[in-house]
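The values are calculated or read from the model by the stated rules, or taken from the named source; none is laboratory data. If you're wondering where the values come from, they're calculated on a predicted model, not measured in any experiment. In this analysis, Cβ positions are derived from the backbone assuming ideal geometry, glycine residues included, and neighbour counts consider all displayed protein chains. Each accessible area value is taken on the protein alone, full model and side chains, heavy atoms only, with ligands, DNA and RNA left out. Shrake-Rupley method; radii C 1.70, N 1.55, O 1.52, S 1.80 Å.
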Amino acid sequence: MIVPFQQLAPETLNAVLESFVLREGTDYGEQEVGLESKLEQLKGQLQRGELLLCFDEPSESINLITPLQAREMGL
């Protein structure tokens, strides 16, 4: 299920994004990027529609996916 990020409280959205960053161990290239910068990048991608929040009911987990992934999943 796609969750509109605008419906989340700012603190909740930050917690979800922080969890994603820490879980994924995302590689941002040669220069180290701080957590706040990573969070701002993800927020920008959500605002531009490049990423979506997807809640998986069976596992009760939330993840970031692309619109293409959402279409492939039939969401």
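Worth a mention:
- Each eigenvalue of the Cα gyration tensor of the chain, multiplied by 5 and square-rooted, gives one semi-axis; in descending order these are 21, 14, 12 Å.
- Counting 0.36 nm for each residue step from Thr12 to Phe55 and taking away their Cα separation leaves a gain of 14.1 nm.
- Taking GluC sites (Glu not before Pro) in DSSP loop states with no more than 15 other Cβ atoms inside 10 Å as exposed sites, the chain has its longest site-free stretch at 1-29.
- To put it simply, the accessible area of the chain at a 1.4 Å probe is 50 percent carbon and sulfur.
- Helical content of the chain, expressed as a calculated mean residue ellipticity at 222 nm, amounts to -14000 deg cm²/dmol (DSSP H runs of 4 or more residues, -39,500 (n - 2.57) each, divided by residue number, nearest 500).
- Two-site label geometry, Leu22 and Leu75: point separation in nm, points 7 Å out along Cα→Cβ: 2.2
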